[in-house]
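The values are calculated or read from the model by the stated rules, or taken from the named source; none is laboratory data. Predicted model, so just to flag it, every value in this text is computed and none were measured. Cβ: placed from backbone, ideal geometry, glycine included. Neighbour counts: every protein chain shown.
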Amino acid sequence: MDVTGTARARIGVVLVTAVLIGSAACSSSTPSSAPATTAAPTTAAGGSSGSSGSTTPKLGNNGATPPGAGGAAAATFEGTPDIVLNDFKPEVNGFGFENYTNKTAPSNLTAEELKKFWGDQVCASQADGKCTLTPPAEKWMSEINDAMGGGHCEGMAVLALMFIKGQVSLKDFGDASTANGLKLDGNEKLAKEIAYWWAMQATTPLTSSRLDKLKPSEVAAKLKESFQPGATDAYTFAFFKTKNGERSGGHAVTPYGMKDRGDGKVDVAVYDNNFPNQARALSIDTVNEKWSYNTATNPTEPPDLYEGDATTLSLWLAPIGARLQKQDCPFCGTSSPATAPKFAGAAAGDSDAYNQLFLSQAAGSAGVEVTITDLDGKPLPGLKELMTFSGEGIPPVQQIPAGLSFKVKLDGTDLKEPIATDLTLIGLDVDQYIDGINLDPGQVDTIEFRPKENSITYETDSNESPTIGSGFSDPGADYAVAVGGVDLPEGGKVELKQDLATGLITITNQGKAKGTYAFAIDRISDTGDDEFVIKGVDIPVGFGIELDYGHWEKSEQLQGTIVSNGNRTPVTFDNEA
């Protein structure tokens, strides 16, 4: 079966085309190419995979020591380990190629991998044997792939270990007799497999199974146990720097052996995918409860010293066994005619449910300050951060308690040059997003999410033209809806709201001046995809346009209503697709 996931990309192209045709007016910002890796996420030390984090996370250097400034010694493993897992050797069982970012445009997740995770429920349509992803599935996949921009260390560390344990077959990825002989170039299947195991950093039960509260001595004891013949589980290492309670520079490696150096000190032999074919040592002092290691987040960065102790809780173990279990789908709901798509727990009141909020790595790389609060600017109760190990500059996934309304402030005060970034909220069968936020130095934008109302509001103090959108699954068809501001004036504020039960979407100009908008709707069903495009509509201040997408048929015009101060005026739109 040909498996593709193109609905979101297609509607984006359609809307951009509509914007360009509709008007020459656009944002005053000129986005630049942001560096791939320079920032650090913020969280409280000691959290689990969903550790309680600050309600005002900052993305940027956060005072972390610059790579190369530590003056740390090399981390070469000296001698022969006392105990080795399955005779692992980095020059044989580790990959012969380095950890890599997205700069070389590698294959990452596709619809095929999402089907491997969760089956046909990720497909909105399988017309002509092709899996077109549901809009929430496609958006989640896009955000996870973007997060791999800092490096693929987690996927490489996991897959090398699974090869040596016989849990994944080496011969499925080429003719090489060892992992070291596999080539990444031209090996799309291998690249997608690495991405597949990387992606579990954002799924449970893997994230809830991480051993993230162990003292260094307990880490050493657990590893020594796992290296024994007949051990039931094996682990990858995940670690990061900490400073003033903030985390940065996450990296993942494969531990495979251990040597006792005396006086309570042990060296753990690791395969570090930043340094192919090398045996390296992570040192643990089990008496003083300290650990240290010299490495970099990816091969483009100079090595630097990583270290921690019993208070930093910055040395984690991630079990292989949890990865072999079926992972929970963060966007798959149970939509039926009686249950509309919803952000998890919004209707059910599930206190353990979370929605996932993603900020693209461009903002993290450039030093955007991000504040997440309730609508009144107070701390948001239950906010958690999901730490992923992909190098510097990758913002953590924010886990938002289901059903809670909240506000996100993007503050570009510390920016040195303009950047383009995105913000996405994903729940069960539904997603909301702002794409193409062009943030200038000093610019401050605010986004409000009201999950129970399926509403998202975007406010900017600059002249902007982002795309505001939503995707959702429905028993009859799936929809991706996007609204682009051809001209959103300075001080502009706009709300996108959906009534999923009645099939209505409303865009309201809450700003200070008239705005011009383009609309695109993509309906995905078993018979294929249908598109409806409106290339440019002026909406005065205080006015809204309500679109009846639920009753639109392919050959028909789209019925709408102009809404203002309680007045409703019918209007009909032709399809300009």
### Query
Would you say L404 is modelled with pLDDT of 90 or more, surrounded by fewer than 24 Cβ atoms within 10 Å (Cβ to Cβ), farther than 25 Å from F240 by Cβ and not aromatic (F, W, Y)?
yes
In the set G469, G476, G485, the lone residue that is crowded, with 24+ Cβ neighbours inside 10 Å and either part of a loop (DSSP other than H, G, I, E, B) or under 18 Å from the mean Cα position of the chain (by Cα) (or both) is G469
A careful count of residues in region 77-98 that are polar (S, T, N, Q) and either farther than 16 Å from N273 by Cβ or not assigned by TED's automatic domain parsing to the domain that holds N187 (or both) gives 2
Looking across region 277-296 at residues that are part of a loop (DSSP other than H, G, I, E, B) and over 27 Å from the mean Cα position of the chain (by Cα), the single one that is farthest from G308 (Cα to Cα) is N277
Only unsatisfied item for Y256, checking (1) in a strand (DSSP E or B); (2) at positive phi; (3) of a type outside the set (D, E), is (2)
Flagged in region 280-296 as modelled with pLDDT of 95 or more and either among the acidic types (D, E) or farther than 15 Å from A157 by Cβ (or both), in numbering order, are A281, S283, I284, D285, T286, V287, N288, E289, K290, W291, S292
Scanning region 261-283 for residues that are basic (K, R) and within 15 Å of A179 (Cβ to Cβ) gives none
### Task
Test G542 against the stated conditions and say whether it is surrounded by 18 or more Cβ atoms within 10 Å (Cβ to Cβ), over 29 Å from the mean Cα position of the chain (by Cα) and part of a loop (DSSP other than H, G, I, E, B).
no
In the set A176, A160, the lone residue that is touching a strand residue (DSSP E or B) at 6+ places or on another chain (Cβ under 8 Å), modelled with pLDDT of 95 or more and under 21 Å from A279 (Cβ atoms) is A160
Considering region 231-250, residues that are among the hydrophobic types (A, V, I, L, M, F, W, C) and under 12 Å from L85 (Cα atoms), and then whichever is surrounded by the most Cβ atoms within 10 Å (Cβ to Cβ), we arrive at A234
Note on L109: of the conditions (1) in contact (Cβ under 8 Å) with a residue 60 or more places away in the chain; (2) outside any helix (DSSP H, G or I); (3) closer than 24 Å to L85 by Cα, unmet is (3)
One residue is enough: does region 124-147 have a residue meeting the conditions under 29 Å from N277 (Cβ atoms) and either of a type in the set (D, E) or out of contact with any helix residue (DSSP H, G or I) (no Cβ under 6 Å at 6 or more places or on another chain) (or both)? yes
Practice problem: Report yes if some residue within region 343-361 is in contact with a Ser or Thr (Cβ under 7 Å, 6 or more places away or on another chain), in a strand (DSSP E or B) and at pLDDT 95 or above; otherwise report no. | Solution: no
Condition (residue is under 27 Å from C123 (Cα atoms) and not aliphatic (A, V, I, L, M)) applied to region 457-464: is it met by at least one residue?
no
In region 125-174, anything on the phi > 0 side of the Ramachandran plot and among the charged types (D, E, K, R) is listed as D128
Test: N454 is among the polar types (S, T, N, Q), at pLDDT 90 or above and buried (at least 22 other Cβ atoms within 10 Å of the Cβ): yes
Of those in region 90-124 that are crowded, with 20+ Cβ neighbours inside 10 Å and more than 24 Å from the chain's Cα centre (by Cα), the residue farthest from V430 (Cα to Cα) is P90
Going through region 208-230 in order, the residues found to be surrounded by 15 or more Cβ atoms within 10 Å (Cβ to Cβ) and not in a helix (DSSP H, G or I) are R210, L211, D212, L214, K215, F227
Taking the condition in a loop (DSSP other than H, G, I, E, B) and within 19 Å of N575 (Cα to Cα), does K554 pass? yes
Looking at the structure I just gave you, is T421 among the β-branched types (V, I, T), in contact with a helix residue (DSSP H, G or I) (Cβ under 8 Å, 6 or more places away or on another chain) and either in a loop (DSSP other than H, G, I, E, B) or farther than 14 Å from P135 by Cβ (or both)? yes
